[in-house]
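Input: a single structure, listed below in C-alpha cells.
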Ligand code: NAD
C-alpha cells in the first residue's frame with residue numbers, strides 16, 4: 001500500500017509548475033487528486049481538473065463541492081495557486097495590491113474554509129500552503145509579493161493554532177526560485193534568455209534552480225501522517241538562499 005491510499009487531495013494551481021509537481025507526487029503516492037485551476041485544461045489527465053478562481057468565493061465553494069461530490073471526502077488541501085508582482089511600494093497601486101493579496105492570501109483562507117467541514121471528518125487532515133523565499137529574504141523590488149508571502153507564513157501559523165484541537169495540521173513550504181513556466185516566462189522576456197538563465201542559476205547558492213519535484217517532496221511529507229507532530233511551521237526548499 002502507499003502512503004496516500006484512500007485519501008483525497010485538492011491542489012490549487014495544480015495545472016502548472018510547482019502545483020503540477022505536487023499533484024503528481026500526491027497522485028503517485030496513491031491519493032486521488034483534484035487540481036483547482038483557472039486553466040483546468042492544462043492539468044494532467046490523471047487528475048480531476050476543476051475550473052476555479054481562488055480569488056472568488058463562489059467559484060471556490062462550487063469547486064470544493066464538486067470535489068467532495070466526485071470523491072466523497074477531502075483529506076488534504078494544498079494552497080499553491082499564487083501570482084507574482086514586481087516593484088517597490090511606489091510601483092503598485094491599490095488595485096494591484098488588492099488583486100494580489102486577494103489571490104495569494106485570501107485565496108488560502110477561502111479554499112481552506114470551504115474544505116473545513118470535510119477536513120474535520122478526516123483522520124489524516126493536512127493543509128499545506130505555498131509561501132516563498134520572498135517571505136524570509138529581503139528581495140528588492142518585490143514589496144507586494146513579499147508582503148503577500150509573509151502573510152502566508154503568518155496565516156499558516158494562525159490556522160495551525162485555530163485548528164490544532166480538531167486534528168487539522170497546517171504547514172507551508174518556502175520555495176526558492178524554481179524551474180516553472182512562471183520563471184520561464186520571466187526569462188523569455190529578457191533580451192538574452194539563455195544568458196539570463198545562466199545568471200539566475202549562478203545566483204542560487206547551489207548553482208541551479210529548485211526543481212518543482214523537490215518542493216513536491218516537502219509538501220508530500222507535510223501532507224502525510226509521517227509529519228503528524230508537525231504543525232504551524234515551514235520548510236525552506238531554496239538551496240540555502242534564506243541563509244545568505
Ligand atoms: P505557475 O504560473 O507555473 O503556475 C501557477 C498555476 O496557478 C497556474 O496553473 C495558474 O493557472 C494557477 N492560478 C493562478 N491564479 C489562480 C487563481 N486565481 N485561481 C486558481 N488558479 C490560479 O507558477 P509556479 O511557479 O508553479 O508557482 C506556484 C506557487 O509557487 C505560487 O504560489 C508562487 O508564488 C510560488 N512560488 C514560486 C516560485 C518560483 O520560483 N516559481 C518560488 C517561490 C514560490
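The values are calculated or read from the model by the stated rules, or taken from the named source; none is laboratory data. Every value quoted in this text rests on a predicted model; they were computed, and no experiment measured them. Counting neighbours? That spans all protein chains shown, and the Cβs are built from the backbone with ideal geometry, glycine included.
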Residue hits (region 29-42; closer than 23 Å to residue 224 by Cα and either in a loop (DSSP other than H, G, I, E, B) or without any contact (Cβ under 8 Å) to a residue 12 or more places away in the chain (or both)) are 29, 30, 31
- Item | Residue check, residue 128 part of a strand (DSSP E or B), in contact with a helix residue (DSSP H, G or I) (Cβ under 6 Å, 6 or more places away or on another chain) and within 13 Å of the ligand (Cβ to nearest atom) | yes
The residue from 212, 117, 193 that alone is closer than 21 Å to residue 9 by Cβ and without any contact (Cβ under 8 Å) to a residue 60 or more places away in the chain is 117
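Within region 67-87, which residues are part of a loop (DSSP other than H, G, I, E, B), within 13 Å of the ligand (Cβ to nearest atom), buried (at least 16 other Cβ atoms within 10 Å of the Cβ) and in contact (Cβ under 8 Å) with a residue 40 or more places away in the chain?
Within region 67-87, the subset part of a loop (DSSP other than H, G, I, E, B) is 72-75, 80-86.
When the remaining residues are screened for being within 13 Å of the ligand (Cβ to nearest atom), the result is 80-86.
Narrowing further to those that are buried (at least 16 other Cβ atoms within 10 Å of the Cβ): 80-85.
Passing the criteria: 80, 81, 82, 84, 85.
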Per the filter on region 1-28, residues on the phi > 0 side of the Ramachandran plot and in a helix (DSSP H, G or I) are 17
Going by the conditions given, is residue 158 assigned to a helix (DSSP H, G or I), away from the ligand (no atom under 13 Å from the Cβ), closer than 27 Å to residue 122 by Cα and out of contact with any helix residue (DSSP H, G or I) (no Cβ under 8 Å at 6 or more places or on another chain)? yes
With the first residue restricted to region 167-179 and required to be within 18 Å of residue 239 (Cβ to Cβ) and in contact (Cβ under 8 Å) with a residue 24 or more places away in the chain, and the second required to be assigned to a loop (DSSP other than H, G, I, E, B) and more than 10 Å from the ligand (Cβ to nearest atom), Cβ contacts under 6 Å at 6 or more apart or on different chains are 176/239
Checked region 88-125 for anything touching a helix residue (DSSP H, G or I) at 6+ places or on another chain (Cβ under 8 Å), under 24 Å from residue 217 (Cα atoms) and in a loop (DSSP other than H, G, I, E, B); matches are 124, 125
Those residues of region 131-142 that are touching a strand residue (DSSP E or B) at 6+ places or on another chain (Cβ under 7 Å), outside any loop (DSSP other than H, G, I, E, B) and either closer than 13 Å to residue 89 by Cα or free of Cβ contacts under 8 Å to residues at least 24 places away in the same chain (or both) come to a total of 1
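If the requirement is being closer than 22 Å to residue 59 by Cα, in contact with a strand residue (DSSP E or B) (Cβ under 7 Å, 6 or more places away or on another chain), buried (at least 23 other Cβ atoms within 10 Å of the Cβ) and at pLDDT 95 or above, which of these qualifies: 31, 23?
Numbers: 31 fails: closer than 22 Å to residue 59 by Cα.
Of 31, 23, the one residue that is closer than 22 Å to residue 59 by Cα, in contact with a strand residue (DSSP E or B) (Cβ under 7 Å, 6 or more places away or on another chain), buried (at least 23 other Cβ atoms within 10 Å of the Cβ) and at pLDDT 95 or above is 23.
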Going through region 97-123 in order, the residues found to be surrounded by fewer than 20 Cβ atoms within 10 Å (Cβ to Cβ) and farther than 21 Å from residue 153 by Cα are 117, 120, 121, 122, 123
